[in-house]
Structures are given as structure tokens and as C-alpha cells.
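All remarks here apply to the structure that follows.
The values are calculated or read from the model by the stated rules, or taken from the named source; none is laboratory data. All figures in this text were calculated on a predicted structure; none of them were measured in a lab. Here the Cβ positions follow ideal geometry from the backbone for every residue, glycine too, while neighbour counts run over all protein chains shown. Only protein heavy atoms, including side chains, enter the accessible area calculation; ligands, DNA and RNA are left aside. Shrake-Rupley method; radii C 1.70, N 1.55, O 1.52, S 1.80 Å.
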Amino acid sequence: MTKVMTRIQGREILDSRGNPTIEVDIVLNDGTLARAAVPSGASTGIHEAVELRDNDPGRFMGKGVLTAVDHVNRIIAPALIGMDAGDQRAIDQTMIDLDGTPNKGTLGANAVLGVSMAAARAFAQSQAIPLYEYLKIDAGYLMPVPMMNVLNGGVHAQWQGADFQEYMIVPFGALDFRTALQWGVETYHSLQTLLKKKQYPTAVGDEGGFAPRVVSNEEPLELITRSIEEAGYQPEKEIGISLDPASSSFFQDGEYELKREGRRLNSDEMVAYYRRLVDTYPIVSIEDGLAEDDWEGWIKLTDELGKDIEIIGDDIFVTSPHLVQKGIEMGVANSVLIKLNQIGTVTETLTTINFARNAGYGINISHRSGETPDSFIADFTVATFAGKIKTGAPCRGERVEKYNQLLRIEEEIGEKATFAGRNAFIR
Ligand code: PGA
Ligand code: ZN
């Protein structure tokens with residue numbers, strides 16, 4: 001029996017910051033009901049697909065998504081009802097055509113993505129196969145290294161802490177995902193103890209990492225390296241550090257404003273700063289070290305550090321195959337951050353992954369700072385053999401649920417699972 005969609009319904013729900021977002025239900029002719037929810041960023045790239053908000057100041061400070069919900073129910077649903085839920089490509093293409101813009105500006109990428117993810121989940125469910133199995137692009141199973149954001153700064157900490165947005169620990173030296181997660185959790189708790197000793201508050205930021213008012217952007221690197229040791233692990237050998245400065249958010253008039261350090265640096269000075277940090281701490285990747293429009297600076301950054309560590313493009317690529325292609329041609333970065341809602345459909349996201357991988361670029365699947373308990377990206381990471389997932393600290397339910405889903409997946413795969421380990425990081 002072909003599994004056709006008989007009902008598609010969007011609704012407005014809340015994300016982890018208490019902002020409205022979209023959830024979509026899809027029902028199939030066999031009675032299957034599946035549901036997906038869309039995340040939302042705070043340090044968004046300017047070239048991301050459009051996240052449609054109502055801008056009605058009378059509701060949720062303008063952040064309501066009733067217009068996008070209406071697009072799901074009134075425009076998308078009538079076009080998709082009756083279609084085969086197993087034809088993801090046709091479903092996504094129909095929405096792209098209905099939208100008619102290069103950036104989902106008509107329907108809203110949030111409306112489109114909710115339907116795209118719910119359709120995939122509905123079909124997998126109706127076949128009684130796991131989502132990662134249905135979306136899997138190759139034979140075998142690769143469990144990712146978790147990139148756990150244990151210290152939050154920048155906009156995710158209301159600019160009260162470090163200028164750099166994310167300090168992640170990457171326990172690549174473990175033999176399986178479960179153990180890697182355990183090492184990461186132990187390091188997170190040892191960091192908490194260290195912060196308490198220094199009388200830093202241990203309240204957490206948007207992604208569950210601690211958000212102390214540190215004295216410099218370097219101090220968290222010292223603290224994290226110590227907390228790795230105090231948890232009983234070897235920095236560099238067993239656990240590394242990944243940085244996401246998200247530097248577009250402090251780039252102004254051609255300079256990088258490090259408020260915490262009271263100084264402004266140009267691209268060359270930023271690259272030199274990163275070189276020193278990489279030489280001093282066990283850093284294995286830097287994401288968005290420079291700003292989204294500083295392409296010339298990115299070339300220098302890649303030339304200087306691309307042989308030693310992974311240079312990941314997030315805001316500069318926004319999961320777009322066109323921008324990734326520009327990056328490949330210009331020698332910018334050696335790795336791509338992948339966020340489904342930056343582009344808006346499952347199919348297009350897979351295209352970008354494929355494209356980047358064929359050029360030898362690394363793949364990192366990512367959550368957003370505004371999340372829901374939907375764990376789609378956990379399955380998606382396994383399905384795409386990404387080898388890495390960044391989905392926050394082991395704290396806050398919406399972050400932990402992704403890690404918990406990966407525990408379930410690893411258990412289910414059993415002996416056939418391979419852990420990505422150190423090799424997941426491009427050098
Ligand atoms: P965002 O941050 O979800 O707030 O955009 C995540 C990131 O920059 O990687
Ligand atoms: Zn980022």
C-alpha cells in the first residue's frame with residue numbers, strides 16, 4: 001500500500017527560550033501520526049532562509065508564527081495531501097515550487113521545514129523502521145563525536161560573559177558514543193566544581209553551558225583544559241576543545257570588537273590570536289572564527305590553520321550549496337556546519353552535505369540555540385555519517401534529548417556501530 005498523506009496540520013508551540021515556533025502533525029492513510037518541531041537561532045547568518053514571524057507587536061513581541069502556521073494549513077497541506085509520504089524529494093520540491101523564492105521568503109522556511117521533517121518521520125514510522133535507517137545514505141553505521149557546549153558566551157549569555165559564543169568539549173578518544181558522552185558529562189561537572197571554587201556563578205546559557213563573567217576569552221580555555229584533567233582525562237589525546245566564536249556577532253566596521261578584553265582586532269590580528277590559542281590549548285576546530293562577509297579574512301584563516309585543525313563555516317555558508325561552492329573555489333574553510341532550518345528542507349540539506357563531502361569538507365550537524373525536545377538531528381547525524389553533532393551541554397531537556405536519542409540508536413545498532421573518534425575531525 002502506498003502511504004499517502006491524509007492530514008497535515010501546523011500549530012504554534014513554544015521553544016526553549018519561550019518563543020513561538022512551529023510544530024507540524026502529519027497523518028497517513030494507514031493511521032500513522034508523526035510530529036516534528038522547528039528550532040530557531042539567535043546568532044543567525046544574514047543569508048539564512050527566512051524564518052517567518054508575524055511581526056504583530058500585540059502577540060509575543062512580534063515573534064508569533066501564526067502566519068507560517070496558516071501557510072502550512074492553507075497552502076502547503078492542500079498541495080501535499082494525497083502525495084506519497086515516502087517520496088521526500090517530491091514533497092520538498094513541491095514546497096520549493098509553491099514558495100517560488102530562493103530563500104523560502106513566501107511560505108517561511110519554518111513552515112516548510114516542519115512539514116519536510118514530519119513527512120520523513122511519518123514514512124519511517126509507517127514502515128516501522130527507525131528514522132536514521134530510513135534517511136541513511138550509505139551502508140554501515142557511524143556514531144558521532146558529541147561536541148558539547150559547556151561554556152556559553154556572546155548573545156547566548158546576553159553579552160555578560162565571554163565574547164566567544166561557544167566553548168565545546170569533544171571527547172573523541174572514547175571507544176563508543178556512550179562512553180564519549182559519559183566523559184563529556186564528567187568534564188562538565190568538573191568544570192562546574194572549578195567555577196564554584198573560583199566563585200563564578202554556575203547559571204547556564206541558552207545551550208546549557210555555564211555562562212560565567214570571565215576576564216578574557218582565553219580564560220575559559222584554561223578552565224576547560226583543567227576540568228578535563230580533573231575529570232581524569234587527557235587533554236588533546238582523549239578530549240579536545242572546539243570553539244564557535246560566532247564572530248559575525250561582534251564584527252563592526254571591519255573590526256572584531258572583543259568587549260571582554262577592551263580591544264578591537266582586524267582579521268589578521270584575529271588569525272594571529274587564534275594561532276596562539278591553537279598552539280596553547282587542545283583545540284581541534286574553530287567555527288565562524290571570522291565574520292560571514294569577511295571572505296578575504298577567511299582565506300587567510302584557512303591558510304594559517306586549515307592544516308592543523310578543522311575550520312568550520314556556519315554563518316558564512318548557512319547550509320547553502322551555492323555558498324559552500326564559493327567557499328570551495330576560494331579555499332575558504334575545510335568543514336561545514338549543517339542546520340536544517342538554514343535552508344528549509346531535508347532534501348536540500350542532504351544535497352549540501354553531499355556536495356561538501358565530495359569536496360573533502362568535514363560535516364557537523366547542529367542544533368539551534370532555540371530548540372524543542374524534537375530529536376530529529378540525532379537520527380539525521382547517524383543517517384548522514386556526519387561523525388559529529390553539536391547539540392549543547394548535557395543540561396536542559398531539549399539538549400539532553402538529542403544525546404539520549406543517540407544512546408538509544410547506539411544500543412539498537414549494537415555491534416555494527418562504529419564510533420567516529422578523532423578521525424571525524426578534518427586536518
Ligand atoms: P544560533 O547559534 O542557533 O543562535 O544561530 C548556533 C551557532 O552559531 O552555531
Ligand atoms: Zn555557529
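Extension gain for GLU12-ALA272 works out to 89.0 nm (0.36 nm per residue, less the C-alpha to C-alpha distance). For the pair ASP279 and LYS237, label points projected 7 Å from Cα toward Cβ lie 2.4 nm apart. Remark: for residue pairs LYS104/LYS307; LYS63/LYS339; LYS198/LYS307; LYS104/LYS402, the C-alpha separation exceeds 31 Å in LYS104/LYS307; LYS198/LYS307. Across the chain, Cα pairs under 8 Å and at least six residues apart give a relative contact order of 20 percent.
Once the Cβ-Cβ distance of LYS307 and GLU412 is raised to the sixth power relative to R0 = 35 Å, the FRET efficiency obtained is 0.40.
Residues of the range 388-418 with an amide N closer than 12 Å to a point placed 7 Å from the Cα of ASP176 along the Cα-to-Cβ direction: 407-418. Protection proxy ranking, highest mean first, for peptides 271-281, 114-124: 114-124, 271-281, where packing is the per-residue count of other beta-carbon atoms within 10 Å, averaged. What part of the accessible area of the range 135-424, given as a whole %, is carbon or sulfur when the probe is 1.4 angstrom? Ligands and nucleic acids excluded, carbon and sulfur give 47 percent.
Remark: spin-label model distance ALA128-ARG213 equals 5.9 nm, labels positioned 7 Å along the Cα→Cβ axis.
Computed per residue of the chain from DSSP H runs no shorter than four, each worth -39500 (n - 2.57), the mean residue ellipticity at 222 nm is -11000 deg cm²/dmol. Per the Kirkwood formula applied to alpha carbons, the range 1-107 shows a radius of gyration over Rh ratio, Rg over Rh, of 0.99.
Using the average count of surrounding beta-carbon atoms within 10 Å as a protection proxy, the listed peptides 285-293, 393-401, 96-104 rank, highest first, as 285-293, 393-401, 96-104. FRET efficiency for the pair GLU229 and ILE81, taken as 1/(1 + (r/R0)^6) with r the Cβ-Cβ distance and R0 = 51 Å, rounds to 0.35. DSSP loop (so not H, G, I, E, B), at most 15 other Cβ within 10 Å: list which GluC sites (Glu not before Pro) in the range 159-252 pass both filters. Answer in residue order: GLU236. Average accessible surface for the chain: 36 Å² per residue, computed with a 1.4 Å probe over protein heavy atoms with every protein chain in place. Nonpolar atom fraction for the range 5-128, defined as the carbon and sulfur part of the 1.4 Å probe accessible area, stands at 51 percent.
Note on GLN199/MET330: beta-carbon distance plugged into 1/(1 + (r/R0)^6) with R0 of 35 Å gives a FRET efficiency of 0.15. In this entry, the chain is assigned a mean projected area of 19.4 nm², taken as a quarter of its C-alpha convex hull surface.
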